[in-house]
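The values are calculated or read from the model by the stated rules, or taken from the named source; none is laboratory data. Predicted model, so just to flag it, every value in this text is computed and none were measured. Counting neighbours? That spans all protein chains shown, and the Cβs are built from the backbone with ideal geometry, glycine included. We work out accessible area using only protein heavy atoms, side chains counted, and drop any ligands, DNA or RNA first. Shrake-Rupley method; radii C 1.70, N 1.55, O 1.52, S 1.80 Å.
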Amino acid sequence: MLDASRLTPLQRVALRFAVISLLFYGLCIMEGMIMRGHQIDFDLMEADHYFALMGAHPMVGIFGSSFMLVFGAFYFLVPTLMKKSLYSQKLAEINWMTMAAGVLTVWLAGFLFRYGALYTNYWPLPVTEFKPIALLVFATGNIMIMTGVVIFCYNIFATVFHRRDTEEPVGPLLMSAVGIDGFVNIYRRWRGKKVEEPLMPLPLVAIFRGTIDTLLDAVVLGGISIVFLIHAVYIFTGEPLPTDWFDALVYKNIYWWGLDLIADGLVLIYVAGTWYLLAGLISGRKLYMENVARAALLVELVVSWNVWAHHLLADQAQWNWMKILSGEMVTAFELVTSGIAIFVTLKTLHDARPLKMTPQLKFLLGGILGFSLGVPAGVIQADLGMNRILHNTQWVIGAHAHMQLLVGLGMTLYAALYALFPMLTNDTQLKSKFLTSFHFWAHLIGGIGMSVCMGFAGMDGMLRRTIYGAEHPFELEMIGAAFFGSLMVVAYLAMMYNIINSIGIRGLVGIFINLPSDQGQEGDEVVATA
Amino acid sequence: MLGVSWTSGSLDRLSATLLIRAAACESWRLIVTDSADIFALMKVVYLSYTLIAISFIGYFSLRVTRAGPTNPGAKKAFYTWVTCLVCLGVGIHVLTFNKVPWVKWDLTRDKQQIDQEFEIAMAEHEFLLPSPKLDIGIGNMVRFNVTSADLTYGFGVFREDGSMMFQMQVVPGHDNDLVWLFDKPGTYTIRSTEYSGPRGEGLVMEDVVIVSGPKYESLVAVEF
């Protein structure tokens, strides 16, 4: 059982992020299953309720669950790996509260006021189609989330560069943080010169690099939310602002540029960093082709800023050259950068064999499989020929997005969770190996099965944001998706039971609240001392 | 230069239009005219790839737990892998550009010879068609000009079995046009393919596109 009173402040804040993340994940999959049910039996709810649910679902899943788990892990890992103190513990505490409150506010905008412009928020839909109170609450919640994201980025950057514990100069540290020393070392090796040891561990380079995109994404989405807020206030005054000041296509380009940085900044880069970290921890070896991996992270910086147009391949007013260059060609390099990460990780593991099949190794391989399936699906839809049919279909959200988020990102994060669990809980062990294994198989089969079913429906043109009536032609695929989705719910319950049973209810509550000391435990300690 | 030629003969039994056949110049070429056929093929490719990826990770999982020789100097394999990924990533676009006809139709749509043209307006979650039914002759290259007065919508044409033939986004304040060659007789449904709020849920017009013409005894071959 976890003795929360012995947790360090860093462990405690990381666990707070993790607990909130897992609770939001539970809410997210519950929403997902309700929508699955509605796709089979259309009588479950009204359209405005359904779309409010659909709007809240990705916000809860991405910001409430994925971001929170990533932030918690990185708050622990960055100072630990750099052997430095966290820049501000207080900011980290404010961070999880701001994020959690923001996600709940966004969720309430849908639950109470039926805000349902979905996560795309295409202009001017949010302003003209929903009640001003709904827009106001959504914008407020989104601004809170983005404030939390900015706090995280600031705290991480400040932790990397503060000189309280070291005397390392900022310049070389910055060069190392963005991966420039990877290129320098490749050049030096080519010229037969001595290769210098980089200042920053590779996983930290990925965290730093991903955080740049995360910050930019927060600026764009936060800025758009301020626009929503201003419009909501004017609607309340009875003099709504005109909406034609913002060109719908320009808006789409700006919004997708920011939104796509989540996929490239958080998902691909942070995941690569987590793979490198886990591969090092599991194998106990230096990463294979480390300098190339460092350099690839810098290349990804250029790639991720220039791929957004693949979301606008079906927009006929978009320039053709932009569709081909950004939408097709640069996007294709996502295949290369993620392929490099997969090769480097697998080769590092392979060189250390025989390895024990631990939960973290299992989940790591599951995560790699998820991206091996999800990234090519993304490249296929980012093709002018294929996108003419696949755009906005179940393929995009199933074979690509859910495959990457649930199987790729999800299993990678679970690998990190199982790896960090003993470190964060002072060597508390999970009680059931069976439940850990069950969690793995049910989540893997459920995630892949659901995404593939959705992908097949998408190839026939089943739209992703449309309610179909009874006995629609895609019913079989949706029943399949619901079956596999329910497997993931069972997987989640097994994992939660295992974790709570291992740390105890008291330990769980103690992560958030300082509980009075347990007399019995104190007595035991006295007996043990005697 | 893109053109359309008609090949007579008793090929009407070939409902699938993904064919390899001898063209007039006696060279073999891939002729694709229906998006349904491409996606029938893609289902096979996707399922096969999924099974291969799962099998590979399964095999790796077994191998990594067993002792055995390693190959520390696998740089050649690494660079071969990266080269393959670059070729694959770029190659798929080159392939579809050359073999999927609507890519070229789209990129050169301003220069296409158009047989029929329809002006469609969208506003207040409604389609406003120029006539109750859109009658299209088989083999005609058709341009759809769709405008929106308020929100972002979508314009998609669906077959009778519910599968999609093509679509585009309809962005307010911009020209949204798409050209398509209809090579099969049938009745098609128009549906908005973009979410425009809960009120847009009923944005469907069933069986409004009628494609008909002379008895379909020929195969449309699209030559580039």
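Only one of the listed residues (A:V267, A:V303, A:V330, A:V292) is in contact with a Ser or Thr (Cβ under 7 Å, 6 or more places away or on another chain) and either in contact (Cβ under 8 Å) with a residue 24 or more places away in the chain or within 27 Å of A:Y187 (Cβ to Cβ) (or both). That residue is A:V303.
Within the range A:210-237, residues that are over 16 Å from A:M59 (Cα atoms) have Cβ atoms under 6 Å from residues that are open to solvent by 30 Å² or more (accessible area, probe 1.4 Å) in these pairs: A:H231/A:L241; A:A232/A:P132; A:A232/A:L136; A:Y234/A:P240; A:Y234/A:L241; A:I235/A:P132; A:F236/A:P132, counting only partners at least 6 apart in sequence or on another chain. Residue selection: A:H350 satisfies the criterion of being open to solvent by 20 Å² or more (accessible area, probe 1.4 Å), within 13 Å of chain B (Cβ to nearest Cβ) and assigned to a helix (DSSP H, G or I). Looking across A:S437, A:S372, one residue alone is surrounded by fewer than 24 Cβ atoms within 10 Å (Cβ to Cβ), out of contact with any Leu (no Cβ under 6 Å at 6 or more places or on another chain) and within 10 Å of another protein chain (Cβ to nearest Cβ). It is A:S372. Report yes if some residue within the range B:214-224 is open to solvent by 10 Å² or more (accessible area, probe 1.4 Å) and modelled with pLDDT of 95 or more; otherwise report no. Scanning the range B:214-224, I find no residue that is open to solvent by 10 Å² or more (accessible area, probe 1.4 Å) and modelled with pLDDT of 95 or more, so the answer is no. The single residue among B:F60, B:F56, B:F78, B:F39 that is at pLDDT 95 or above, in a helix (DSSP H, G or I), open to solvent by less than 40 Å² (accessible area, probe 1.4 Å) and of a type in the set (A, V, I, L, M, F, W, C) turns out to be B:F60.
Do we find that B:P69 is open to solvent by 40 Å² or more (accessible area, probe 1.4 Å), over 26 Å from B:P172 (Cβ atoms) and not in a helix (DSSP H, G or I) in this structure? Yes: the conditions hold for B:P69.
Among the residues in the range B:131-143, are any within 17 Å of B:T193 (Cβ to Cβ) and open to solvent by 40 Å² or more (accessible area, probe 1.4 Å)? The answer is no, given that none of the residues of the range B:131-143 is within 17 Å of B:T193 (Cβ to Cβ) and open to solvent by 40 Å² or more (accessible area, probe 1.4 Å).
Looking only at the range B:182-197, count every residue that is within 14 Å of chain A (Cβ to nearest Cβ) and on the phi > 0 side of the Ramachandran plot and tell me the total.
Of the residues in that region, 1 qualify.
Selection within the range A:357-369: residues that are more than 7 Å from chain B (Cβ to nearest Cβ) and open to solvent by 10 Å² or more (accessible area, probe 1.4 Å). The member of this set that is nearest to the chain's Cα centre (by Cα) is A:Q360. The residue of the range A:152-174 that is farthest from the chain's Cα centre (by Cα), among those that are within 17 Å of A:D213 (Cα to Cα), among the hydrophobic types (A, V, I, L, M, F, W, C) and open to solvent by 30 Å² or more (accessible area, probe 1.4 Å), is A:L174.
Taking A:I94 as the residue in question, decide whether it is more than 23 Å from A:L409 (Cβ to Cβ) and part of a helix (DSSP H, G or I). Taking the combined requirement at face value, the residue satisfies it. Against the test of being touching a strand residue (DSSP E or B) at 6+ places or on another chain (Cβ under 8 Å) and either more than 9 Å from every other protein chain (Cβ to nearest Cβ) or among the aliphatic types (A, V, I, L, M) (or both), the options A:I397, A:I389 yield a single qualifying residue, A:I389.
For the range A:455-466, the tally of residues that are facing chain B (nearest Cβ under 9 Å), hydrophobic (A, V, I, L, M, F, W, C) and in contact with a helix residue (DSSP H, G or I) (Cβ under 6 Å, 6 or more places away or on another chain) stands at 3. Residues in the range A:434-466 that are farther than 30 Å from B:L47 by Cβ and either part of a loop (DSSP other than H, G, I, E, B) or without any contact (Cβ under 8 Å) to a residue 24 or more places away in the chain (or both): A:F434 alone.
The selection criterion, being out of contact with any Asp or Glu (no Cβ under 8 Å at 6 or more places or on another chain), within 14 Å of another protein chain (Cβ to nearest Cβ), touching a residue at least 24 places away in the same chain (Cβ under 8 Å) and surrounded by fewer than 15 Cβ atoms within 10 Å (Cβ to Cβ), holds for A:G469. Restricting attention to the range B:173-201, the residues being farther than 15 Å from B:T152 by Cα and either of a type outside the set (D, E, K, R) or at pLDDT 95 or above (or both) number 11.
Just checking, does the range B:94-113 include any residue being more than 10 Å from chain A (Cβ to nearest Cβ) and open to solvent by less than 60 Å² (accessible area, probe 1.4 Å)? Among the residues of the range B:94-113, at least one is more than 10 Å from chain A (Cβ to nearest Cβ) and open to solvent by less than 60 Å² (accessible area, probe 1.4 Å), which makes the answer yes.
Within the group A:L266, A:L361, which residue is in a helix (DSSP H, G or I) and under 22 Å from B:P69 (Cα atoms)?
The match here is A:L361.
Would you call A:R209 surrounded by 13 or more Cβ atoms within 10 Å (Cβ to Cβ) and out of contact with any helix residue (DSSP H, G or I) (no Cβ under 8 Å at 6 or more places or on another chain)? No; evaluated as a whole, the condition is false for this residue. Across the range A:335-343, a minimum of one residue is classified as within 11 Å of another protein chain (Cβ to nearest Cβ), in contact with a Leu (Cβ under 7 Å, 6 or more places away or on another chain) and under 30 Å from A:T436 (Cβ atoms). Quick check on the range A:407-421. Is at least one of its residues modelled with pLDDT of 95 or more and farther than 21 Å from A:F67 by Cα? Among the residues of the range A:407-421, not one is modelled with pLDDT of 95 or more and farther than 21 Å from A:F67 by Cα, which makes the answer no.
Here's the yes/no breakdown for (1) assigned to a loop (DSSP other than H, G, I, E, B); (2) more than 7 Å from chain A (Cβ to nearest Cβ); (3) in contact (Cβ under 8 Å) with a residue 40 or more places away in the chain:
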site: B:T147; (1), (2), (3): no, yes, no
site: B:L151; (1), (2), (3): yes, no, yes
site: B:D161; (1), (2), (3): yes, no, no
site: B:M168; (1), (2), (3): no, no, no
site: B:P172; (1), (2), (3): yes, no, no
